[in-house]
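The values are calculated or read from the model by the stated rules, or taken from the named source; none is laboratory data. Small disclaimer: the values here were computed from a predicted structure and weren't measured. Positions of Cβ are backbone-derived with ideal geometry, glycine not excepted, and every protein chain shown enters the neighbour counts. Protein only, heavy atoms only, side chains kept; ligands, DNA and RNA dropped before computing areas. Shrake-Rupley method; radii C 1.70, N 1.55, O 1.52, S 1.80 Å.
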Amino acid sequence: MNMTEGPLLGNMILFTLPVMASGILQLLFNTADVAVVGKFVGEAAMAAVGSCGALINLIINLFIGLSIGAGVVAAQDLGAKRYDDVNKLVSTALTASLVGGILIGIFGFFMAEPLLRLMKTKEDVLVEAVPYMRAYFCGMPGCFVYNYMAALLRSGGDTKRPLYFLTVSGVVNVLFNLLMVLGFGMGAVGVGIATAVSQYVAAALIVVYMLRQNGYFRITGFRVSGAKLGRMITIGLPAGLQGCMFSLSNVIIQSTINGYSTVVVAGNAAAANIEGYVYIAMNSVYQTALTFVGQNVGAGTYERIKKIAWQCAAMVTVIGVVLGAVLLLFGDKLLLIYASKDNRDAIVEAGIRRFWLIGGPYFLCGLMDVGCGLLRGMGKAVQPMIVALFGTCVFRIVWVAVVCPLYPDNILALYVSYPLSWVLTAGVHYLFFLFFYRRLMKQKRAAAGAAGA
């Protein structure tokens, strides 16, 4: 896909749709987990799977952030036509993903119970949550390898093959979920095993493809380029830390939610899972902004960056508003997919309350992410990390500590911290973007003037 010349909007839509579909399939892993245990095991198992999500993201986001760095570096190298550098990056990213996946898998397996207890997880939920989380972390090497390699393919405009590979692994996940729960009666740990297996299927498919192709994304071994690893870390580490900050604030909020009844925790888990589809749809536009800006920065076609920014902001707003309206209009029917017959009405009611303050205005989160993607595509990784630290993590922690105790029985006081933090963070992201864009254009004009002289 030519991102540095010709029309933008059509190419961006063609890029976004497969990324969106891939993200939705990846989210189906967790949806299948929550829905199967909710329907066939019970609310405690569903709460267990849902309560692990924020903690799992906190642990893995640091290393997953390096895949963002790999994608940005690849996009800039492709835009500048440095194809040998791209090939070096592939081997470096493969090695980093495998080593990181093994380390995180070991850590998550052995730290599952103490971390869940630290989050004040109830005993009836803990019995199911610990084995689920341990099984889930056994799949980390596969998860990391797939995500790193998929980021590289997408940086060159190939968004379809990652989708194909996830389709196969998603089917495997659903089939194994049903086999483990209905066939072997394994409960939450069974769906954790199914998810781990499906992660390895996705990783195997993408690695086999990249071993067999002849282009600059071909896997040639486990060699590590110090220069490429350094660039990955420079861009990806702040992105990973930013993801950890988001997850940390979510863990704190989840710890507060865990203090409510099991029914409320289950309803919150179901609603959060449904909202995940809206987030994934919007996050695909973030990846579009990051990749298109990255290639145009590498090619030196800075004048296209502003148009990319406006069009991505418009795309994510439309997606977020439409899907947010769907949650508000049909949320009760969607929540029924997750709820068993016991306490079904209470679970649906708890989920609907979350939709009104988080699902409805979710487009604000999309705008925040697009602003972040624009900055990262320009190679600016530290600034969005700092903005996220204060705009989300610090803000939400202070909110939970100061505001929530004033309304101890009203979970809505907790939920309102989300849209407020999105507005705050998005506004600062776009101010930074305008500053750096103007500086790039000034540098280009200065370089053109010097060349003319």
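What to note about this one:
- Heavy-atom accessible area order for Tyr415, Tyr302, largest first, 1.4 Å probe: Tyr302, Tyr415
- Cα-based helix-to-principal-axis angle, 262-299 vs the chain, degrees rounded to 10: 0
- Whether segment 174-288 is rounded, prolate or oblate, judged on the alpha carbon gyration tensor where a/c under 1.5 counts as rounded: oblate
- By the helix-only formula, in which each DSSP H run with n ≥ 4 contributes -39500 (n - 2.57) and the sum is divided by residues, the chain has a 222 nm mean residue ellipticity of -28000 deg cm²/dmol.
- Heavy-atom accessible surface of the chain: percent carbon and sulfur, 1.4 Å: 69
- Relative to the longest principal axis of the Cα atoms of the chain, the long axis of helix 226-257 lies at roughly 30 degrees.
- Using alpha-carbon coordinates, inclination of helix 417-452 to the longest axis of the chain, degrees: 10
- Spherically averaged projected area of segment 136-215 from its Cα convex hull (nm²): 5.1
- Note on Lys380: lysines with a C-alpha under 20 Å away, same-chain residues under 8 apart excluded, are Lys228, Lys306, Lys307, Lys442, Lys444.
- Kirkwood Rh (inverse of mean 1/r, distinct Cα pairs), the chain, angstrom: 22.2
- Rolling a 1.4 Å probe over the protein heavy atoms gives the chain an accessible area of 39 Å² per residue.
- Here the contact order of segment 296-453, divided by its residue count and restricted to Cα pairs under 8 Å and six or more residues apart, works out to 29 percent.
- Ranking of Asp158, Asp409 by solvent-accessible surface, largest first: Asp409, Asp158 (1.4 Å probe, protein heavy atoms only, all chains present).
- Multiplying the residue separation of Arg445 and Leu175 by 0.36 nm and removing their Cα-Cα distance gives an extension gain of 91.4 nm.
- Modelled this way, with points 7 Å down the Cα-to-C-beta line, the labels at Phe330 and Phe390 are 4.2 nm from one another.
- FRET E, pair Ile106, Arg223, Förster distance 22 Å, beta-carbon r, rounded to 0.05: 0.35
- Across segment 230-345, the mean sequence separation of Cα contacts (distance under 8 Å, 6 or more residues apart), normalised by length, yields a relative contact order of 28 percent.
- Sites Val402 and Val423 - FRET efficiency at Förster radius 22 Å, r taken between beta-carbons, to 0.05: 0.75
- Phe110 accessible area, assembled protein chains, probe 1.4 Å, Å²: 140
- Rounded if a/c under 1.5, otherwise prolate or oblate - segment 359-418, Cα gyration tensor axes: oblate
- For segment 102-165 and segment 226-298, distance of Cα centres in Å: 13
- Based on C-alpha pairs under 8 angstrom that are at least 6 apart in sequence, the chain has a relative contact order of 23 percent.
- Packing-based ranking of 57-66, 382-391 yields 57-66, 382-391, ordered from highest to lowest mean Cβ neighbour count within 10 Å.
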